[in-house]
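Notes to accompany the following structure.
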Amino acid sequence: MNAALDLAFDTELFDAKALENGDKLPRAAYREALKKAREVLFERFQAGEDIRKLVCARAWVCDQLLAHAWHGLGLGGLNDVALLAVGGYGRGELHPGSDIDVMILHSQEQLGDAESTAISDFITLLWDLGLEIGASVRSLSECVDAAREDITIATNLMESRTITGNEQLRIEMQAITGAEHLWPGKEFFKAKWDEQIERHAKHNNTEYNLEPDIKNAPGGLRDIQTIAWVAKRHFGAATLEDLVGHGFLTEAEYRQLSEGLALLWRIRFALHMIAGRSENRLLFDFQRQVALMFGYTDSNANRAVEQLMKAYYRAAMNISMLNEMLLQYFDEAILRAHESAVIKPINSRFQLRDGYIEATHNEVFKRTPSALMEVFVLLGNDADIIGVRASTIRLIMESAELIDEKFRNDIRNTSLFMELLRCQHALFSSLRKMKRYGVLGRYIPAFGAIIGQMQYDLFHIYTVDAHTLLVLKNMRRFRYPEVEEKFPVVAKVAQRLPKIELLYLAGLFHDIAKGRGGDHSELGAVDAHDFCLHHGLGKWDANLVAWLAQSHLIMSMTAQKKDVSDPDVINEFAQKVGDIVHLDYLYALTVADICATNPTLWNSWRASLLRQLYTQTKRAIRRGLGNPIDKQEWIAETRNAAMEILENENVVEADANRIWDQLGDDYFLRESAEDIAWHTKAILQHPQNDGPLVLVRQSHSEQFEGATQIFVYTQDMPNLFAASVAALDQLHLTVMDARIITAQSRFSLDSYIVLDENGESIQDPSRLEHIRENLVRTLSHPDRFPEIVQRRMPRQLKHFDVKTQINISQDMANGRTIVEVITLDRPGLLARIGRLFMECDVVLQNARIATLGERAEDVFFITDKQQQPITDPERCEKMALLLRDQLDQAA
């Protein structure tokens, strides 16, 4: 052991200190030794010493202290008691903040009072020293009972070792709790496999969580330990390396597993150092510090933290892959050892064994390299194939190096890849296996580059490769009958796409250039075009896939940031799309992309926006791009439809026109006929001097389906918007859309579309009434401006530095100025922006609100008090500066 640690645990010095203080236990010396040992270990870690030595050294440190204290309390003279390390500590592996699990083992029926008191003093001492002790006291018979009831205890006992005391006790305990008496190999393996399945489910069955638990998530330390436990229990393998001798691991796989373990240990050691306690979650709070500690630096293409996480995700995927392969081997060797296999031939290269596809001999891929593609096509064409047999997984991974330029240019392989995309079954799982087994990243090197590529934000919750395959999974699901209820429009669109494989190719390439620097959409489009031509597609098909890769964001951005009720917006978007075929493919790609980016993004509100954009654009294309929708025609149609509704409700046309004549064209462009009728009837029934009119309802409009509508009719005033959104924020409502109309009578007609804190519309009638009453109170006294919400910022948001960007442009066609605000999302943000607009003496006409993870990307349409755009450059610059400074200062 390192000399510095030997000095920290000089037992003669401890004894001298004890005599000096008249105490058998030199507590101060213990604390000083622990502190010194910790400092030495941290120094050695930062110097880059092998992590294996450090975790063993930490265990050794604790061994020395515990043994000295044990003897100091007179327990060393007892022949029928032993102090054992169990669990990870029993393996001799201990991280700075890990629990120190010990068991006091004895052979008595019941300990005497003196012994019990000494043991209690021993455990109390360890707690007093600040050690995280997990202690149990058991007799030999109690060990048997506890192990029989709990497999976790049985596992801990299996990994125990003696720190001090009678070693024979441990040997006897392990004999009576061994596989011959408790938890025999089959039962132990099945229980551990079930335990892993349950554990993985808690982490969404993915290695790619934004803040992964490096111990318990798929591909984490527990996956390695599960392999080791089964190997030790059933095969008597003392170490993972022994599995090489047993024929379960190759030397290369063992090295891969060891390297993955070392990386996870380094990360865990760093987490414990930074947190100052046990911490297994690689939280945003720690990711930057760990990346810096590991020597990563920001580059033009990738941040340091993204490079760290890419290394972690790749290691986790490899560990998960090896875990999957080994557990399948164990399944065959343990659970199915005496079963007769059912073999069904497929062709000369492959056969089914108990439902798993396997190579007929070990030379299959060497003799026929194209079989590396064929095996996945066979999977996709037969829904009854359960998976790939472990031995064949190994052959595929070992043979993946055969995929070179010659392989990629072989027409047999390009044809097989396109055949895979046209398969009827298991496209997602086949491509996922191709990725995990090392085939997909070699066949498409650009895809190989994005494996494990994360984006350091809260918007993209998956790595680029995982997201890409989820996009294809969603595309596949659109054609399943059971998803028509959730995706009624896109399901019909997907069914009528002439070549579904073109959609899959667009999904495969839409993000493939992320992490390279530059515009990933443009770079991906080039890759997609070349790939399509190389795989025998015609120019029209290749151009369509490339256009989709390049344009995959335009539909979602248009729906989020522009007013899709504006005919000019629809006409502009229709010009970009060109025809209904392009529109159909783009719509399917957009929905699949959003749903695969973050599950919280897709809700009824966002669905209704995209559906409206799709429907109106389709209508515009059918009219002819040279015959755009006329605004006056649109207004006339809307007024006539609204009047028809009102007449059916006995509203006099002249009364309605009296209100409408005070409103400009914008009102009839932005609002639906149903909402106009709703507003008009309520205004006519509302006494003029009875304070503000506030209407709240779950939206019945197709345009705002899945949201709650709020309509406010009151006298106009400078702080109306700011007061309204502040009140809504206090009610924990998220404003998605705001439309402000000022009538000639100086009354304001404001419409808000809101969602609750879960991104859903409000269903509860009592809550709807509470919202209405609160707004009436607020707007009856707008001079008593509600306080901007001071709720605590969520933990995750604190770790993102989003500098405020203000982009100001002119919409001269509609006589408005557009202000785009990109800033860190936070409680009370919209109310703060509303107050700043009030200070700038501008009038808000419309707002589109979009929250993308930690970023708020909101668009506001404003005018001056004369309803004119703000064109003075100096005034625009002052407003931009005020917004930037105030929002950054508040963040």
Under 26 Å from the Cα of K36 - lysines, other chains or at least 8 residues apart: K17, K24, K53
FRET efficiency, A682 to A383 (Cβ-Cβ, R0 56 Å, nearest 0.05): 0.50
Student exercise, the range 620-721 dipole from Lys, Arg, Asp, Glu Cβ charges, in Debye to nearest 20: 220
Cβ-derived FRET efficiency at R0 35 Å, K202 paired with S116, nearest 0.05: 0.35
Reachable lysines, given that their alpha-carbon falls under 28 Å from the alpha-carbon of K192 and they are not under 8 places away in the same chain: K202, K215, K232, K433, K435
Given K310/K473; K486/K576; K344/K366; K514/K562; K499/K539, the pairs whose alpha carbons are separated by over 19 Å: K310/K473; K486/K576; K344/K366; K514/K562
Whether the range 504-597 is rounded, prolate or oblate, judged on the alpha carbon gyration tensor where a/c under 1.5 counts as rounded: prolate
Tilt relative to the chain, helix 284-293 - C-alpha long axis, 0 to 90 degrees, to 10: 60
Qualifying GluC sites (Glu not before Pro) for the range 621-690 [loop in DSSP, other Cβ within 10 Å: at most 13]: E649
Portion, in percent, of the accessible area of the chain that falls on carbon or sulfur, probe 1.4 Å: 47
Residue list for the range 173-193, given a label point 7 angstrom along the Cα-to-Cβ vector of R148 and an amide N cut-off under 12 Å: 177, 181-183
Cubic angstrom per residue, convex hull over Cα atoms of the range 256-415: 171
Principal axis dimensions, largest first and in whole angstrom, of the range 108-161 by Cα: 32, 27, 18
Dipole magnitude of the range 680-781 about its Cα centre (Cβ charges: Lys, Arg +1; Asp, Glu -1), debye to nearest 20: 400
Nearest-ten-degree value, helix 765-780 long axis tilted from longest Cα axis of the chain: 60
Net dipole in debye of the range 474-605 [+1 Lys, Arg Cβ; -1 Asp, Glu Cβ; about Cα centre; nearest 20]: 300
T124 paired with L335, simple spin-label distance in nm, labels 7 Å along Cα-to-beta-carbon: 5.0
Å² per residue, accessible surface of the chain at 1.4 Å: 42
Cα-based reach from K618 at 15 Å (exclusive), listing aspartates and glutamates while leaving out same-chain residues under 8 positions away: D566, D568, E572, D579, D584
Lys/Arg +1, Asp/Glu -1 at C-beta; the chain dipole; positive extreme among T226, G380, F294: G380
Beta bridge orientation in the chain: antiparallel %, DSSP, nearest 5: 90
Per DSSP, loop trypsin sites (Lys or Arg not before Pro) in the range 709-773 with at most 12 further Cβ within 10 Å: R746
Cα shape, the range 567-652, gyration tensor, a/c 1.5 rule: oblate
Rounded Å value of the spacing that divides the Cα centres of the range 127-185 and the range 379-433: 47
Rounded accessible area of D655 (nearest 10 Å², 1.4 Å probe): 50
Over the range 619-760: Rg over Rh, Cα atoms, Kirkwood Rh: 0.99
Rounded to 10°, Cα long-axis angle of helix 520-534 versus longest principal axis of the chain: 80
Rounded Å value of the spacing that divides the Cα centres of the range 561-578 and the range 51-99: 70
Local electrostatic count, Q685, Cβ distance below 12 Å [Lys/Arg +1, Asp/Glu -1]: -2
Calculated [θ] (222 nm, deg cm²/dmol) that DSSP helices of n ≥ 4 give over the chain, each run adding -39,500 (n - 2.57): -17000 deg cm²/dmol
Equivalent ellipsoid dimensions for the range 268-335 as semi-axes, Å, which come from the Cα gyration tensor, largest first: 31, 17, 7
At R0 = 41 Å, FRET efficiency that the Cβ-Cβ distance of N657 and V489 yields, to 0.05: 0.70
The chain: Rg to Rh, with Rh as the Kirkwood radius over Cα pairs: 1.05
Candidates per trypsin sites (Lys or Arg not before Pro) in the range 201-247, loop by DSSP, up to 15 other Cβ within 10 Å: K202
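The values are calculated or read from the model by the stated rules, or taken from the named source; none is laboratory data. Not measured: the values here are computed from a predicted model. As a convention, Cβ positions derive from the backbone with ideal geometry for all residues, glycine included, and neighbour counts pool all protein chains shown. Note: accessible area is taken over every heavy atom of the protein model, side chains too, but ligands, DNA and RNA are not part of it. Shrake-Rupley method; radii C 1.70, N 1.55, O 1.52, S 1.80 Å.
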